[in-house]
Amino acid sequence: MSNGKRITLQQAAEIIKDGSRLTFSGFTIWRRPMAIIFELIRQYRKNLHLIEVNGGSQTEFLVGAGCVDIWESCWVGHELYGKYGANLSRKVAEKKIIVEDYSHAEMLFRFTAAASGAPYAITQTSLGTDIHNPEYDMLGRAGLRDGIRIAKHKYQFTEDPFYGAGSQVLVPAAKVDIAVLCVQQVGEEGTVRVNGQYYSDPEVARAADITVVMAEEIVPEEYLRRNADQNTIASFEVDHILECPFGAHPTGMFGKYDVDGAFLKEFYANTRTQEGYDAFAKEWIHGRDHISYLEKLGWPRMMKLRANTAMNYSPREKKGGN
């Protein structure tokens, strides 16, 4: 057994320095690494540059805490528990954050390019839309496109030289310093097994210089090798691992626990002002660790969210309402 990659929750957050370019696993309100997000907020991380296929609860918590200077993505919110990102909207209105808007497909293509070692992706996505209006190149307008940490251009146009398919858009690879993943299982050496949809996790893991995986449980590598075709990310693509049960809460973990919709609705309702956010963070994040956070939630609440292993969701939670 090798424990060379194993770290603590606090150490995971310490790897992410001020100014890091950061991305995450999951999708909107599923498999977001919330325990690490909360620890970053406790450590007062600043000047983060988030580059995401799509935003979610992790974005809203970090933005509300003032941890983020730049956000590149396509959308943010909590699905039916909060239709849009109220904290991001407030920070944009106050000119405290730069938002660089791409389409959803373009963001995925950008990560696919980075995962492949390519400098850019080529697509026809979003042609004819204001996403390609040079007036909305916000990083360019801020004078931040240095060609080193941030691409020289938001996009470039070209004509298909092979099949005459017309105009194409070149979008820069999404180069990030650190990818933080939240999954069901990781092996002792770093092999990742995601149950259910794995979204863009393989791409973001390969795109990052450093990949940190937080799992519900760390399991023997020998166990994962029995059915190797079910594994999602190879061990050599993972730099650090940690075990953190309920680490995705209040987002959901397929097969383990449902999204805590009541928690997200409360967060969305109470954090439309900075004062509301600060009060929420004081109650739920600051002065705590992950264990005391779970203790405050209480086991009756967590057991209600706990998934039935045959159905992969909780039969105790009402579905389809808002």
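The values are calculated or read from the model by the stated rules, or taken from the named source; none is laboratory data. On a predicted model such as this, the values are computed, not experimentally measured, just so you know. As a convention, Cβ positions derive from the backbone with ideal geometry for all residues, glycine included, and neighbour counts pool all protein chains shown.
Quick grid of which residues meet (1) of a type outside the set (A, V, I, L, M); (2) in contact with a helix residue (DSSP H, G or I) (Cβ under 6 Å, 6 or more places away or on another chain):
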site	(1), (2)
226	yes, no
248	no, yes
264	no, yes
273	yes, no
280	yes, yes
287	yes, no
307	no, no
310	no, no
315	yes, no
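Scanning the range 175-196 for residues that are in a loop (DSSP other than H, G, I, E, B) and within 27 Å of residue 120 (Cα to Cα) returns a single hit, 175. I'd like to know if the range 206-219 contains one or more residues that are acidic (Asp, Glu) and closer than 26 Å to residue 302 by Cβ. Taking every residue of the range 206-219 in turn, at least one turns out to be acidic (Asp, Glu) and closer than 26 Å to residue 302 by Cβ. Summed over the range 3-25, the residues that are at pLDDT 95 or above and either part of a loop (DSSP other than H, G, I, E, B) or in contact with a Phe, Trp or Tyr (Cβ under 8 Å, 6 or more places away or on another chain) (or both) give a count of 10. With respect to residue 273, determine if the residue is among the hydroxyl-bearing types (Ser, Thr, Tyr) and under 19 Å from the mean Cα position of the chain (by Cα). Against the criterion (among the hydroxyl-bearing types (Ser, Thr, Tyr) and under 19 Å from the mean Cα position of the chain (by Cα)), residue 273 does not qualify.
Residue count for the range 1-45 satisfying the condition of being among the polar types (S, T, N, Q), within 13 Å of residue 56 (Cβ to Cβ) and touching a Leu at 6+ places or on another chain (Cβ under 9 Å): 2. Among the residues of the range 226-257, the one identified as free of Cβ contacts under 8 Å to residues at least 12 places away in the same chain and among the basic types (Lys, Arg) is 226.
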